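Student: Could you have a look at this structure, given as structure tokens, before my questions?
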Amino acid sequence: MILFSYLLMSGVTTGALYALVALGLVVVNKATGVINFAQGEFFMFSGFVAWVLHVQLGLNYAVTFLFTIAIGFGLGALTDRIAFRPIAKADVVSLVLATVGIAFVLKGIARVLWGGKGDYLSFPSITSPDPITVFGLMVIPQQLAVLAGTIVILILFAAFFRLTRAGKMMQATADNAKAAVLVGIQTDKIYTLAFGTGAAIAAAAAVLTAPITLLYPDLGFPIFLKGFAAAVMGGLMSLPGAVLGGVILGVAESLAGGYIHSSVMELSPFIVIMIVLVFRPNGLFGFQTSRRV
Amino acid sequence: MPAIAQQPGVTSKSIKIGAFGALTGPGYLYGQLVMNGVEVVFDQVNAAGGVHGRKLELVREDDRCDPAAAIGAVQKLIHQQKVFALIGGGCSNATLAARDVIETSKIPTLINASVHDGITTPPAANIFSAALTATIESEAQLDFALKQGAKRIAVISMRDGWGRGRYTPLMAYFKAKGVTPVADEELTPDANDATAQVLRLKAANVDAVIMVLYPKPAAVFMRDASKFAFKPLAIGQTGIADPKAFEEQVGIPGAITQFRTIAMVKFTPEDSAVDNWRKLIETKFPGDRLSVFNLVGVGSAQVFVEALKNAGPNPTWDSMTAALANIKDLNIDVYPGPISCSLADHRCNRVPAWLAKDPGKPVRVLPSSGG
């Protein structure tokens, strides 16, 4: 039982990292209908920004956190303006390819700016580095911080979409962009807001998880891949689905590694996804849209 | 001097030498920093009058640790820059990919940081290595564990191209030694958690773990091992050649007290024995601090210069290749053992140094180094 508890705890904390990336993907997808393949690079780039602010410039953690989120938002909004909006009326494949291009640009910039600072840059933990005991289980406090951060971000964005005018306009744009224009919603601004928000989530995730992931220019794609898998499992449009998907992936990896062998850890979450999609083709929280004819 | 004029990269006043490796990205340690070490040696040689009166000119190309880019970088150096010889090779997979181009061209080449066996085995007539190789390191890891009295030895490895290049000779050496690993676990290069692996190794009652890992997964493993108070002898290799940086990456005080790793050079950057190299590096490259990767470049450049001297006043590709093959028992200040090449075996460096780091103290070279 103790083994199971440790593996479960490990899976949940790893899943929280995947969930944070998935949340950003879902926010952009909800508003624009596009999967942002640069989400992992937003995460990576923001991590380096936080490293500059916190380690090189000596800003305290709270200020670093806020500045990084603001810079992340600005980066996302800028991306929308220079890379997405000019081709906004193109087909979805072109839009997705544009995000792939952004990913390469960000990685290239990171290699030039930070590629010669260290093979893997370490980011100081915001919590005590020493393991602590929670419910009889040894955990690293930073992992709990990631878990808590995921929950807080989920609650904030659920509230944003349900309670704020901007959130409701994003939902309306995602449901039907043409209808949204007809009722006076400036969809261009909504897209900018969505990209900015998605990048801001990536930035928050990066600051929380950088002590665990370390920082290197190639960090983005592996993180994106797991986050994307989590988002697919959750249904691509659901915030709770993204979180649940991330946690399921993390737990599947951990249990498979602990009870079968570590060589099946990478494979196991994708087997779980295949099984889920066989029974629920639109993901755990996805739904089939139907049109009355 | 028509013979000289026909040699690419050689004039009456200079010899152009090509260097390839990563100048950007995480692999820059094995590229840019190693090249910086090479360059300060060349500067010193030039200040003393050059080699047979010719100044050495280093031309760098970025392979970005990428196999395709490495092929392009080498082709550019050979055919566009028309260098006389090559010294370089950082990331193993990239250098391995470029081997065919180098071998076909017949340009004399000294590898200085790449460790993949396939670069030097089977030997290509014109490619020699001043770096340790994967097999040499893997065997040294197991020998080290046994020498420390470990009875229950486990392996944790990456199974990508880099990892396989070390894992396969390691398992073969286990078999040759008649030792069976008590556990054999895998960890991916991008892993962020190693709880499952740590729990399995702990359950196997392991007292030494041979790590075939990059610094990131190794740091994740050591962090999670520390979480469970699991502190076996952890044995790294040159992929984790900087224990000071590794301690920061792990981030838990005291987590790497049982960590030992291989270095190609026998000095740490703080050692007073390398004051001269520190001064040269930090003067020429302001903002840089001497690293073990600089010293790798320093060592290989001295081997290269020795061969170039022995190639004679009118060096040709054939005479340079022969000079490299004939290096015997050459003692270089930074290497733990002598450098010896032969026509049959182009792995010229066979003696690793061992490093350790205690909390709050500088990295130390273990007395067993060189033996």
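Student: Can you say whether A:THR14 is modelled with pLDDT under 95 and more than 17 Å from A:THR150 (Cα to Cα), as far as the supplied structure shows?
Tutor: When the stated conditions are applied, A:THR14 does not pass them.
Student: Return the residues of segment B:279-291 that are within 12 Å of B:ASN36 (Cβ to Cβ), free of Cβ contacts under 8 Å to residues at least 60 places away in the same chain and part of a helix (DSSP H, G or I); say none if nothing qualifies.
Tutor: B:GLU282, B:THR283
Student: What pairs can you find where one residue is in segment A:2-30 and more than 20 Å from A:GLN171 (Cα to Cα), the other is of a type in the set (Asp, Glu) and buried (at least 24 other Cβ atoms within 10 Å of the Cβ), and their Cβ atoms are less than 7 Å apart, with a gap of 6+ or different chains?
Tutor: That search, which allows pairs on different chains as well, returns A:SER10/B:ASP193; A:GLY11/A:GLU253; A:THR14/A:GLU253; A:THR14/B:ASP193.
Student: Give me the residue from segment A:220-239 that is over 17 Å from A:LEU154 (Cβ atoms) and in contact with a Lys or Arg (Cβ under 9 Å, 6 or more places away or on another chain) and, out of that set, surrounded by the most Cβ atoms within 10 Å (Cβ to Cβ).
Tutor: A:GLY220
Student: Just one of B:ILE252, B:ILE327, B:ILE256, B:ILE332 is under 30 Å from A:ILE140 (Cα atoms), assigned to a loop (DSSP other than H, G, I, E, B) and either free of Cβ contacts under 8 Å to residues at least 40 places away in the same chain or away from every other protein chain (no Cβ under 14 Å) (or both); which is it?
Tutor: B:ILE252
Student: Something else: Among B:ALA218, B:ALA245, which is assigned to a helix (DSSP H, G or I), surrounded by fewer than 23 Cβ atoms within 10 Å (Cβ to Cβ), aliphatic (A, V, I, L, M) and without any contact (Cβ under 8 Å) to a residue 60 or more places away in the chain?
Tutor: Being assigned to a helix (DSSP H, G or I), surrounded by fewer than 23 Cβ atoms within 10 Å (Cβ to Cβ), aliphatic (A, V, I, L, M) and without any contact (Cβ under 8 Å) to a residue 60 or more places away in the chain holds for just one of B:ALA218, B:ALA245, which is B:ALA245.
Student: Quick one: which residue in B:GLY9, B:GLY37, B:GLY27, B:GLY18 is buried (at least 20 other Cβ atoms within 10 Å of the Cβ) and within 14 Å of chain A (Cβ to nearest Cβ)?
Tutor: B:GLY27
Student: Now for a different question. Of everything in segment B:231-249 that's aliphatic (A, V, I, L, M) and within 14 Å of another protein chain (Cβ to nearest Cβ), which residue is farthest from B:GLY299 (Cα to Cα)?
Tutor: B:ALA245
Student: In addition: Any chance you could count how many residues in segment B:152-179 are part of a helix (DSSP H, G or I) and either without any contact (Cβ under 8 Å) to a residue 24 or more places away in the chain or under 26 Å from B:ASP190 (Cα atoms) (or both)?
Tutor: 14
Student: I would also like to ask the following. When segment A:118-137 is examined, which residues are found to be without any contact (Cβ under 8 Å) to a residue 24 or more places away in the chain and within 9 Å of another protein chain (Cβ to nearest Cβ)?
Tutor: Scanning segment A:118-137 gives A:GLY118, A:PRO129, A:ASP130, A:PRO131.
Residue by residue, here is whether (1) on the phi > 0 side of the Ramachandran plot; (2) of a type in the set (S, T, N, Q) holds:
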| residue | (1), (2) |
| --- | --- |
| B:GLN148 | no, yes |
| B:TYR173 | no, no |
| B:GLY178 | yes, no |
| B:VAL209 | no, no |
| B:PRO215 | no, no |
| B:VAL220 | no, no |
| B:LEU233 | no, no |
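Student: So, in segment B:326-349, exactly how many residues are of a type in the set (D, E, K, R) and buried (at least 16 other Cβ atoms within 10 Å of the Cβ)?
Tutor: 1
Student: Can I ask one more? Suppose we keep only residues that are surrounded by fewer than 17 Cβ atoms within 10 Å (Cβ to Cβ) and in a loop (DSSP other than H, G, I, E, B) within segment B:133-151. Which one would you say is nearest to the other protein chains (Cβ to nearest Cβ)?
Tutor: Result: B:LYS151.
Student: Same structure again: From the residues in segment A:201-232 that are more than 21 Å from A:GLN142 (Cβ to Cβ) and of a type in the set (Gly, Ala, Ser), which one is farthest from the other protein chains (Cβ to nearest Cβ)?
Tutor: Going through the qualifying residues, I end up with A:ALA231.
Student: Then there is this: Which members of segment B:56-82 meet the condition of being over 15 Å from B:GLY25 (Cα atoms), in contact with a Gly (Cβ under 9 Å, 6 or more places away or on another chain) and of a type outside the set (Gly, Ala, Ser)?
Tutor: Result: B:LEU56, B:GLU57, B:LEU58, B:VAL59, B:ARG60, B:VAL74, B:LYS76, B:LEU77, B:ILE78, B:GLN81, B:LYS82.
Student: Looking only at residues in segment A:102-117 that are touching a residue at least 24 places away in the same chain (Cβ under 8 Å) and of a type outside the set (A, V, I, L, M, F, W, C), which one is farthest from the other protein chains (Cβ to nearest Cβ)?
Tutor: Only one residue tops the list, namely A:LYS107.
Student: Output the residues belonging to segment A:149-190 that are of a type in the set (Gly, Ala, Ser), in a helix (DSSP H, G or I) and either without any contact (Cβ under 8 Å) to a residue 60 or more places away in the chain or over 12 Å from A:LEU239 (Cβ atoms) (or both).
Tutor: Matches in segment A:149-190: A:GLY149, A:ALA159, A:ALA166, A:GLY167, A:ALA172, A:ALA174, A:ALA177, A:ALA179, A:ALA180.
The values are calculated or read from the model by the stated rules, or taken from the named source; none is laboratory data. Treat the numbers as computed from the prediction; the structure is a model and nothing was measured. Cβ: placed from backbone, ideal geometry, glycine included. Neighbour counts: every protein chain shown.
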